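J.: Handing you a structure now.
Each reported figure results from applying straightforward, stated rules to the coordinates on display, with no laboratory input. Just so we're clear, the structure is a prediction, and the values are computed from it rather than from any experiment. As a convention, Cβ positions derive from the backbone with ideal geometry for all residues, glycine included, and neighbour counts pool all protein chains shown.
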């Protein structure tokens, strides 16, 4: 075993490397740190942990046994690391099935690639059909982008379990030669991926040729390349070869990590030296590398190949002893090894060990597919049949079909395929399994199977439909196989007793019998299928090809009654094509005669003409006129009834010269147009620069500048430009300007913000002197108080607040001042004196009711933490939790408790958190805290909690805030085996962090690590990396993907200044945000829609509408618009203030393409109403019946101007008569009902019964809520119960909300019960907000919550919302986003 | 084309097993059908998985539109109103009256 000796030496050397050569391999330091960091943290796993599992697949070692076609069963498994979440594990499968089951008609390449990418991430699998479709498109292209090429290469390996490995090898070669010609740039990551695919497909290639090819392209192999080369030799059992590679690596100072050890285990095993394989574990330990799940898995596979179950058991026990958990795919690998080498008797034992962790469904599916390669279809099926499936049968139609497809591909006996299909059907695992399997068979072109299958279906009493035979007929037709066609018909008629329908014959059978004459066809059918009527279908077929003459002939030869119901339309079509009037005339006359003989009253000509009118009237009325005049000329007659019908086809407006001038009725435009109108600029609409310019202008003209100065002062004060503000104030002072209280208040805010207590207090006094009744906003006072506290003037601050409270003498609603209160209290907490915090708390409480959120209570705990008094902090935490159901300063507390290892207290905090924020959120908080404390192993344990789903949003949240690369690397390590994590996103964070730290070498090393993990870097990640390298003037070793116009969400935060802007918005400081915007505007950069939207929203919340409008206009100029909710917010503010002009102006400017998002009519309408111009707007609608009146607006109008009811009644009448537009009536009903004029509303409903399905109740509901009128809602429910389910649900939702509003939770709960039990509605039909309010109310009053809030759609969560303020305390990000309560299957 | 102002329904994601007859049978539960058609690929003989349904009366159209989920032999059908597709976005939002009630605008949300 000289190889072993050499290796041992090698490892001793490589251990030295870590000490001596570390500096020499600076670019790889990150890697080294991860891999040899064992001394510091023995559980850290190497980045390449997953690498080996593929090669570990056993097949190739034993060429002597098993069919060679099947030995490619290996590979595949490692891809489970790259999978992403499934909305519904099942939904995916189904759609994958459907997709691949039919031809693609319109699919562009980009879309197809994106779909493949999603499939790979979600299911670890690509549909072969999708891939071949893309490949054929790719061949046509002149240039293929690098990332697309990388994706395609990866797909040719284990991601394609549907295909046999031999087919995959062919596909890989084909693809690679295409790419060599047309890929934009093949870099090292492509070659490494190709190597990986070769390994997965057990492809025997020439490694030195591979290296030479690379070098010819000027590419240097990297660590990953060598590792995979070594893996290749080990896969072949060639330890010598592997050793050479390792020596090479050593010579190049490349680190040797766990991946390599794992590979060696396989190498020894394949070389039949299991002792050495086992010995590698020792080698690893002595090199300070901890064996990982992969290591144990590889070893277990080695023994499994030999059928040594005892040893397998021992290896698994050994892993458990070292608290290494094998994943489900690991176990499946072992199963695979057993199956391939004929030891299937042990499989059940291994299957029993499966953990069934998240993602198991697809693991099992992929494993089952690979077991088919291993020649074990029965075991594959058993695995599937034992899976947990969605309860909904409708979601199961794809289940098991991938397996069936593979069996069909392998040409498994039809009996087996049939048996599985029937079993799936009978066990209700997939009620449509038989039909779906048939689809797979047909798509695979196995018509022999299909026929057998159909006969079996018919015998089993399963509904066999004519269209099931069409693909069989069509296939024969394509090959010109007449006998095949007739045989298919025979199967249909004789074996399955299915009617040969007209469409079967005209659509598929007859087109396929091209070579035969009509006589031959009729002859064939007469003898073989006497029961099938062929002449009429033949006639239809001939007519459809425009041949009236031939049809006529056919008809005369065979004396069969022609069925005009099926031939009239083809006859019209035939005439349209041929314009052969003589033939038509003869035909019609013949038909007429025949029918007359039969004493039939059927109007042959009339029926024909009716169809002809239908065909001609819109496209060629002249031809219609011509046809009809010819018909008149030839004496053909149509019935009265037919004439009437034709008249009706023209909508009662038959033109004088029949068939002409019709299209005039169509196409009236219902859109409103506004006249253009210049919006005059008033100083209050100007921004700072405009104001300053205006000031200069006025000064130069020696005009009155006071107004402008006043605006300027306010604006500068808002933007904290102290100097300029003071200068302007001095100017105003000179002119004995009379300040208002508000102006002083603005100055006060400015001074507080810049920390000038004295001046702030001075202007406060000024404000009082100038207007004793003026009351400064409470938040300004609280800010000032907070400032005073930081300056050590607590007593004064408290006294100030107390006197302020006395003066105001009314409680404020502290809705939007949470942060101000928090800052003030936090300032007090800095002192470390709990009584100081308490005093300030009490003083603020005098102003109004403090809403005790986690944020606001934070200082209560923090004051103890600052003194390092953890017991005190815990007590404060518990008090706050008991009293207010909040978890103040949770993260900080958790960190402290971890550091002091106070598990009891830690448990208390986590329990409290779980109660409020759910288990997943709380565990994530805990895991992050562990990472921050450097305890990766614990964090990993938490992330791997069985049954817990990954939360990418939380991971991103953490990764974005982390400033230490070590912590981010720890996060990557800890989440390595977690299903569902977007690892590219995390790596992207790491790359950007290295960028920020100015370390391009490490950033580049991250890319290599990604290759090792077989994870493709996304275009945005590559762009970031390229930007960092370019910044440091380093070569970029890959093609930089072009920026796509539509930016992924993750990238919008890339602009650091924009990040600052968003931060200011979060801190509720729009002025600073505006300042930040000005800075960005000064550069070339553009503000994203995201930032714009938040900025506008934040201004609107402060009622700074004018500024919001200006910014919105700015967006419109760029043909952009704010997010729809923000736009609606803006318009609702404007319309409520009755600002008709601005609303109209903005609507005109609103980008055309996005108008659909906003209900403009509604806002315009309510603007008019608010402006007291109701009659005006109503008149507009009265004048133009084409306009669609907004219902909500109309109700609002009626409420403000009840005198207009008669006019609306008239409108309703008119609309009902003319166009059936129900809006006015619906609105009137809503109004009447809301006013409790039930009798009138009932009568209205009787008058206009058509509105009953279109009633809208939201206006009534809001009215009931405002009036606190539960009874109105009750009435509403009773009235509508029969009519409209959503409306009833809405009314119930409001009822729940109203009860909660009144703190009557018991009544609210009764409503919930009523909804479920009496009304028969599901909770998901209710408004979830109402349920949440109820849930919160119950929790706060300490009652149990006896219902589960249904899952919310993601879309709704992502809308920007004022309530959701991202925050550096974890609690807030959890609030409002419930942990998913999805049912896992 | 619409018949007497009744919008034609586009039906997508139809299972391959469904022909004209089965499509008609399914939608007949909502009202009398004037026309139901599934498209087939003439070359392969396989369903193209979409089709059209035309009701005789407005009732049938309204009934089927009021049903949110159409499941047929394991697939969730994608049913779209051809009329709405043609109209401008603005109007089609208002057409969706009933659904819109279920959604709330932001001021409503705060009041609850």
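J.: FRET efficiency for residue A:1103 and residue A:957, Cβ-Cβ distance as r, R0 = 51 Å, nearest 0.05?
T.: Efficiency, rounded to the nearest 0.05: 0.95.
J.: Grab the Cα-Cα distance for residue A:209 and residue A:1310, subtract it from 0.36 nm times how many residues apart they are, and report the gain in nm with one decimal.
T.: Taking residue A:209 through residue A:1310 to full extension adds about 388.7 nm, to one decimal.
J.: Further question on the same structure: Using a 7 Å offset from the Cα along the Cα-to-Cβ direction at both residue A:1060 and residue A:697, what is the distance between the two label points in nm, to one decimal?
T.: 3.1 nm
J.: Over all pairs of distinct alpha carbons, what does the Kirkwood formula give as the hydrodynamic radius of the stretch A:873-1012, in Å?
T.: 15.9 Å is the Kirkwood radius here.
J.: Sticking with this one: For residue A:900 and residue A:614 in the same chain, what is the full-extension length gain: residue separation times 0.36 nm, less their Cα-Cα distance, in nm?
T.: 94.4 nm
J.: Working out 0.36 nm times the residue gap between residue A:135 and residue A:777, then minus their Cα-Cα distance, what length gain in nm do you get to one decimal?
T.: 224.5 nm
J.: Another question, then. Sort A:851, A:901 so the one with the fewest other Cβ atoms within 10 Å of its own Cβ comes first.
T.: Least crowded to most crowded, the residues run A:901, A:851.
J.: Further question: Per q in 0.11, 0.17 Å⁻¹, report the Debye log10 I(q)/I(0) for the stretch A:121-269, using one uniform scatterer on each alpha carbon and no solvent.
T.: -0.44, -1.00
J.: Show me the three semi-axes of the equivalent ellipsoid for the stretch A:421-500, from the C-alpha gyration tensor (sqrt of 5 times each eigenvalue), largest first, rounded to whole Å.
T.: For the stretch A:421-500, the semi-axes come out at 23, 14, 8 Å.
J.: Can you give me the distance in nm between label points at residue A:1246 and residue A:479, each placed 7 Å from the Cα along the Cα-to-Cβ direction?
T.: My value for the distance between the label points is 7.3 nm.
J.: Sort A:470, A:432, A:1229 so that the residue with the fewest other Cβ atoms within 10 Å of its own Cβ comes first and the one with the most comes last.
T.: A:432, A:470, A:1229
J.: Here is a follow-up. What is the packing order of peptides A:116-122, A:297-303, taking the mean over residues of other C-beta atoms within 10 Å and listing the highest first? Please list the in-between numbers first.
T.: Working: A:116-122: 19.4, A:297-303: 28.3.
Answer by packing, highest mean first, reads A:297-303, A:116-122.
J.: Also, I was wondering about something else. Looking only at other chains, what is the average number of their beta-carbon atoms within 10 angstrom of each beta-carbon in A:500-512?
T.: On the way: counts 0, 3, 0, 4, 2, 0, 0, 3, 3, 0, 0, 1, 0.
If you average over the peptide's residues, the count of other-chain Cβ atoms is 1.
J.: Please give the average number of partner chain Cβ atoms lying within 10 Å of the Cβ of each residue in B:11-24, rounded to a whole number.
T.: Across B:11-24, the average partner-chain Cβ count within 10 Å equals 4.
J.: I need the per residue convex hull volume for the stretch B:16-83, using only the alpha carbons, in cubic angstrom as a whole number.
T.: On the way: hull volume 5.8 nm³, N = 68.
So the per-residue Cα hull volume is 86 Å³.
J.: To continue, here is another question. Volume per residue, Å³, of the convex hull around the alpha-carbon atoms of the stretch A:811-965? Walk me through the numbers before you get to the answer.
T.: On the way: hull volume 19.5 nm³, N = 155.
It comes to 126 Å³ per residue, whole-number rounded.
J.: Also, I was wondering about something else. At R0 = 25 Å, how high is the FRET efficiency between residue A:352 and residue A:941 if r is their beta carbon distance? Nearest 0.05 is fine.
T.: E between residue A:352 and residue A:941, to the nearest 0.05, is 0.60.
J.: At 7 Å along the Cα-to-beta-carbon direction for both residue A:558 and residue A:1035, put a label point, then send me their distance in nm to one decimal.
T.: Placing both labels 7 Å beyond Cα along the Cβ direction yields 7.8 nm.
J.: Hey, got the average number of other protein chain Cβ atoms within 10 angstrom for residues in B:36-49?
T.: 5
J.: Could you sort the peptides A:143-152, A:726-735, A:280-289, A:189-198 by per-residue average Cβ neighbour count (10 Å cutoff), highest mean leading?
T.: Ranked from most to least packed, the peptides come out as A:189-198, A:143-152, A:280-289, A:726-735.
J.: Take the Cβ-Cβ distance between residue A:996 and residue A:545 as r, set R0 to 60 Å, and report the resulting FRET efficiency rounded to the nearest 0.05.
T.: My answer for the efficiency is 0.25.
J.: Taking a label point 7 Å from the Cα of residue A:1085 along the Cα→Cβ vector, which residues of the stretch A:1091-1123 have an amide N closer than 19 Å to it?
T.: Output list for this probe position: A:1091-1096, A:1115.
J.: Now for a different question. Between the stretch A:483-519 and the stretch A:1236-1263, what is the C-alpha centre distance in whole Å?
T.: Each part reduced to its Cα centre gives a spacing of 58 Å.
J.: What is the fewest-to-most order of A:509, A:817, A:798 by other Cβ atoms lying within 10 Å of their Cβ?
T.: With the sparsest Cβ surroundings first, the list reads A:798, A:817, A:509.
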